[in-house]
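Before any comments, here is the structure.
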Amino acid sequence: MKLFRRGRNEKPEQGEKNNEMKKLTRASLEQLMLQADKEIVFLCVGSDLAIVDSVGPLTGTLLEENNLPYRVYGTLKAPVHALNLETTLKEIHQGLGEHLLIVLDACIGQEEEIGQVFLKTGPLYPGKAIGNPLPPVGDFHLIAVVNCHDRDTYEHYLTDTRLFTIYDMAKRTSELILTAAQSIQEKQFKTD
């Protein structure tokens, strides 16, 4: 599912479709979280050492700062990346028992997808875009398209991804998750 803003070359009527998709995805995430019969955990994957890969830890930090009522792994202070992903997964699985793991990571997509976030069923395959595949992770995943794969090399991603794009995506993604969590709390309060 696609969320958020109009792509660079998108016509106004496509922007209206994106607004509808944003509402649909927010509702889908909320429904997913509402139906979870186990603890919900958010794993925000990425590194703060490269702008292009920092959507995850920046989103995790924003979620923590706004007191998301679910566990969050992966922040600017304690990022989860290729070097500690497996250790973090062991910690989550051993420490929490049954849980629903929702993973967030940056990805490379088509040029018209830059700035969009997709909610997908099944595990995320981190490191795939750079040829460094890591173990699949998560029950569902949110991927934030930060740049396009029309470039020649990975170095292009590192040097031509704007910090504003990353910050804006992290901010909107955290707002999506926080809004869904708040809505769930309100619904649970009404039923109590």
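The values are calculated or read from the model by the stated rules, or taken from the named source; none is laboratory data. The structure displayed is predicted, hence computed values, not measured ones. For neighbour counting, all protein chains shown are included, and Cβ atoms are generated from backbone atoms with ideal geometry for every residue, glycine included. Heads up: the accessible areas ignore ligands, DNA and RNA and are worked out on the full protein's heavy atoms, side chains in. Shrake-Rupley method; radii C 1.70, N 1.55, O 1.52, S 1.80 Å.
Okay, here's what the table says:
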{"item": "Fully extended contour minus Cα-Cα distance, from Leu96 to Asp168, at 0.36 nm per residue", "result": "22.8 nm"}
{"item": "Efficiency of FRET from Cβ geometry, Asn132 and Lys38, R₀ 30 Å, rounded to 0.05", "result": "0.50"}
{"item": "Neighbourhood net charge (10 Å Cβ-Cβ; Lys/Arg +1, Asp/Glu -1) for Val45", "result": "-2"}
{"item": "The stretch 47-192: mean projected area of Cα convex hull, nm²", "result": "9.4 nm²"}
{"item": "Cα gyration tensor shape for the stretch 18-128, rounded if a/c is under 1.5, else prolate or oblate", "result": "oblate"}
{"item": "For Lys77, net neighbour charge (Lys/Arg +1, Asp/Glu -1) across residues whose Cβ lies under 14 Å away", "result": "-3"}
{"item": "Solvent exposure, largest accessible area first (probe 1.4 Å, DNA, RNA and ligands not counted), of Thr61, Thr179", "result": "Thr179, Thr61"}
{"item": "Solvent-accessible ranking of Phe140, Phe42, largest area first, probe 1.4 Å", "result": "Phe140, Phe42"}
{"item": "Solvent-accessible area of Val146 with every protein chain in place, 1.4 Å probe, in Å² to the nearest 10", "result": "10 Å²"}
{"item": "FRET efficiency for Leu49 and Glu111, using Cβ-Cβ distance with R0 set to 35 Å, rounded to 0.05", "result": "0.90"}
